[in-house]
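These notes concern the structure reproduced below.
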Amino acid sequence: MRRVATAALLLVWLVPSPASAASPHRVRLVKTDAARVDIYAGEALFASYHYGIGLHKPILHPLRSPRGHRITRAFPMEFGVPGEQTDHWQHEGVFLTYRNVNGVDFWSKFPPTRDRPGSGRIRHKGFTRLEDGEKGILGTTADWIAPTGQVLLQQNSQMTIRAGPARRTLDLKITLTAQDEPVTFGDIEEGLLAIRVASSLREDRTGRYLNAEGLELAKNVWGKRSPWVALRGTVQDEDLTLAILNHPRSVQYPTYWHARAYGLFAANPFGRADFEKGAPPLNFSLPPGESALLLYRILIHSGHLTRPQIEEEFRKYR
């Protein structure tokens with residue numbers, strides 16, 4: 001009898017429970033000498049945060065799936081990838097920016113000329129947290145700088161990264177604070193949190209958008225408000241779900257979506273007049289010293305999640 005009990009205990013110890021089988025990979029953040037922080041899920045590179053002075057804005061590039069496939073477009077950071085589109089060179093990996101902040105274009109990338117002052121820049125200033133563990137935490141600060149050199153906004157960001165065998169999540173908490181003068185986000189479609197996805201996830205290849213209301217395809221998702229939007233498709237031989245979830249405490253929840261069939265996937269809470277025909281401009285404004293809080297989760301799942309499954313993911317995030 002004692003042998004049976006001992007064998008049973010040994011079997012329980014050897015067979016992983018569902019909880020242990022789904023335990024997260026350790027997340028490591030490695031700061032390099034190349035103005036880059038590499039983010040590892042276990043031993044695999046998941047993403048890199050680039051913040052060099054030559055960049056128009058800080059970006060994440062590339063973003064990889066649980067099986068290591070690139071799910072963000074390589075261009076314009078890398079050239080010559082077979083079958084990859086090379087349009088819109090301002091679309092760089094995962095980025096946060098906006099086209100009309102007090103009339104300054106932070107979205108585009110162009111130098112000053114005789115007729116126009118040039119685009120604004122978002123300049124990384126420093127790190128507030130750099131932590132490894134079952135969840136990794138990357139805290140940063142940045143300034144939104146007009147072509148005149150004036151700082152319009154201070155950005156404080158915290159990214160919390162979690163990893164499991166078949167999923168990755170990036171929780172973004174971003175605070176934008178107006179500095180010495182009022183700041184207005186003029187209504188325009190180009191903003192705010194954006195991902196330029198791998199060309200294989202375009203809708204003319206394998207990709208298909210879905211929102212919380214059950215609408216599918218970019219032409220039906222674009223310009224609508226929704227708590228979440230997912231893009232389901234295939235990269236190489238891996239079926240994937242890439243979703244952006246908007247937390248109810250985030251400013252102007254639920255956000256509008258600037259989702260394009262050619263591969264731009266963006267959440268924009270401030271573009272009402274561009275998205276809704278006949279709607280009055282929102283012109284979201286911040287007095288000096290006031291802040292806007294942006295809360296989003298980027299979910300990457302190996303496999304195609306159903307609408308109820310994504311809704312459950314949103315419920316847990318909310």
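Values in this text are rule-based calculations from the coordinates and carry no lab data. Keep in mind that this is a model prediction, so the values were computed, not measured. Glycine also receives a Cβ, built like all others from the backbone with ideal geometry; neighbour counts cover every protein chain displayed.
Worth a mention:
- Across the cross-link table entries 109/135; 109/219; 57/316, which are compared at the Cα atoms, the separations over 28 Å belong to 109/135; 57/316.
- Cα pair distances in segment 144-269, grouped into 5 Å bins until the bin that holds the longest one, percent each: 2, 10, 17, 20, 18, 14, 9, 6, 3, 1, 0
- Per-residue [θ]222 nm for the chain (sum of -39500 (n - 2.57) over DSSP H runs n ≥ 4, rounded to 500): -3000 deg cm²/dmol
- The chain - convex hull of alpha carbons, volume per residue in Å³: 163
- Sequence-ordered 3J(HN,Hα) estimates for segment 198-215 from the Karplus curve with 6.51, -1.76 and 1.60 and θ = phi - 60° stand at 4, 4, 5, 9, 4, 6, 7, 10, 10, x, 8, 7, 8, 10, 5, 8, x, 6 Hz, glycine and proline given as x.
- Across segment 25-317, Cα pairs under 8 Å and at least six residues apart give a relative contact order of 17 percent.
- Straight Cα distances below 17 angstrom link residue 31 to the aspartates and glutamates 43, 131, 132, with same-chain residues fewer than 8 positions distant left out.
- Alpha-carbon Debye profile of segment 240-318, log10 I(q)/I(0) at 0.19, 0.20, 0.25 Å⁻¹: -0.96, -1.02, -1.26
- Among the trypsin sites (Lys or Arg not before Pro) in segment 249-280, those located in a DSSP loop and surrounded by at most 12 other Cβ atoms within 10 Å of their own Cβ are 249, 277.
- Efficiency of FRET between residue 38 and residue 217 - r from beta-carbon atoms, R0 45 angstrom, step 0.05: 0.80
- Coil-residue GluC sites (Glu not before Pro) of segment 98-198, DSSP, other Cβ within 10 Å capped at 15: 134
- Whole-Å semi-axes of the ellipsoid equivalent to segment 41-170 (Cα gyration tensor, √5λ, descending): 29, 20, 10
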